[in-house]
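Derivation of every value follows stated rules applied to the coordinates shown; laboratory data play no part. Everything numeric in this text was worked out from a predicted model, so none of it was measured. Neighbour counts are summed over all protein chains in view; Cβ atoms, including those assigned to glycine, are modelled from backbone coordinates with ideal geometry.
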């Protein structure tokens, strides 16, 4: 006899706290919508909730610690509430959080779609089933969806999960599993629903969107095909994508996106190091020469495309000469923005055990040098558009020094604040989620 758990969630106040990446945020939004569909109400940090769900991150040891701290904070905030932990930290540690009493239950990656069923089972029987699996043995894409973004004007759509790259510093392939791609039809259905509900800007996201591949009867669709098909949806005005590998920027890819006016020329092109010695030690599958050629081709197709990246300094074995090689290439690349990270040892990775770990003071010095460089390059890039026209998607109205401003991003993702008084409109709130032409 199957247990009837259909109404047990009704009127339960749920608060979901998200750590980590945009994929996690998307999955949290989808979980919340599925719980609201079951009669739950949305909670907040300002008042006690019946159920707290912490969607954890495990990209670094620091992320692990923040995940544990947040779970403890929720327990302290509401001792009698149900504390559920999900996400990558949970996938890495299994039922450790339940055994030590930190959380009441765990929900592994690729089981977030079942959050309502799992919570219903726990509330009814205090036991749960199929809430945690060996994700590396699961070939199925977890098909979550949202009807509208939570507290954002742009919406993220998860089109891919998992990674097969096994970079030596990264735990993600172990906690997200192998590459899995979403059915193109499901992507388009969700995008169409979001457009119907007023969303104008979509970001295609995943753990490694470069690897997207969906076979249909007549063809194998890749990331370029997703962009081209989403662009056909009425109401969608802008399309972006999350971080991509240099290898995805093929001639065909460039041809497709350059003929898709809705695609924004903003590329977060993964780098990590600009020194071939370090790239090899990281198990990255490209050279700095290949990366620089990709940047050159992007700049041939687009006028001043926004190219951003991530760089890790102080990777094990990175000598002063290696760092100077990276710095020299970063100067030559002249990117819009470099997100700079000091290498942090991550338990369970190859890099954790590598010799010649770099001293923290040296990491700080190298990080400061890259941060100074990227601040200069970013300022010059943004100044190059001064006096030109572009449009922003108005995201919110803010106040600075007693004056109100429309805040939004240009097509190249430059953050812009426009004085409300400069726009001749009676109801300023009506411009939120609207494309507004401006002079930079």
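Here are the numbers for this structure:
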{"read-out": "Contact order relative to length of the chain, as percent, for alpha carbon pairs under 8 angstrom and 6 or more apart", "value": "10"}
{"read-out": "Packing-based order for 210-216, 19-25, using average beta carbon neighbours within 10 Å, highest first", "value": "19-25, 210-216"}
{"read-out": "Over region 143-204: Kirkwood hydrodynamic radius from C-alpha pairwise inverse distances, Å", "value": "13.0"}
{"read-out": "Alpha carbon centroid spacing (whole Å) that separates region 77-139 from region 380-440", "value": "42"}
{"read-out": "Residue 189 versus residue 164: modelled label distance in nm, points set 7 Å from Cα along the beta carbon direction", "value": "2.7"}
{"read-out": "Gain on full stretching of the segment that runs from residue 321 to residue 428 - 0.36 nm per residue minus C-alpha separation", "value": "33.1 nm"}
{"read-out": "Debye-sum result for region 7-147 in log10 I(q)/I(0), which assumes one identical scatterer on each alpha carbon, at q = 0.20 Å⁻¹", "value": "-1.30"}
{"read-out": "FRET efficiency estimate (nearest 0.05) - Cβ-Cβ, residue 289 to residue 17, R0 51 angstrom", "value": "0.75"}
{"read-out": "Kirkwood-type radius of region 154-264, with distances r between different C-alpha atoms, in Å", "value": "14.5"}
{"read-out": "Estimated inter-spin distance, residue 383 and residue 127, nm [label 7 Å along Cα→Cβ]", "value": "6.9"}
{"read-out": "Theoretical FRET efficiency, 1/(1+(r/R0)^6), r = Cβ-Cβ of residue 417 and residue 359, R0 45 Å, to 0.05", "value": "0.65"}
{"read-out": "Tail fraction, Cα-Cα pairs, region 265-384, threshold 25 Å, whole percent", "value": "22"}
{"read-out": "Gained length - residue 334 relative to residue 134, 0.36 nm times residue gap less alpha-carbon distance", "value": "67.7 nm"}
{"read-out": "Ranking of 282, 70, 292 by count of other Cβ atoms within 10 Å, fewest first", "value": "292, 70, 282"}
{"read-out": "Relative exposure of 279, 440, judged by other C-beta atoms within 10 Å (fewest first)", "value": "440, 279"}
{"read-out": "Net lengthening on full extension, residue 301/residue 41 (0.36 nm per residue, minus Cα-Cα)", "value": "88.8 nm"}
{"read-out": "Residue 397 versus residue 440: modelled label distance in nm, points set 7 Å from Cα along the beta carbon direction", "value": "2.6"}
{"read-out": "Structure-based [θ]222 nm, the chain - -39500 (n - 2.57) summed over DSSP H runs of at least 4, per residue, nearest 500", "value": "-10000 deg cm²/dmol"}
{"read-out": "Reference-scaled alpha-carbon Rg (2.2 N^0.38 Å with N residues) for the chain", "value": "1.03"}
{"read-out": "342, 200 arranged by Cβ crowding within 10 Å, fewest neighbours leading", "value": "342, 200"}
{"read-out": "Nearest-0.05 FRET efficiency for residue 196 and residue 345, computed from C-beta distance (R0 56 Å)", "value": "0.75"}
{"read-out": "At 0.692 mPa s and 37 °C, Stokes D of region 212-262 from Kirkwood alpha-carbon radius, µm² per second", "value": "277"}
{"read-out": "Intensity falloff of region 389-439 expressed as log10 I(q)/I(0), Debye formula with alpha-carbon point scatterers, at q = 0.29 Å⁻¹", "value": "-1.22"}
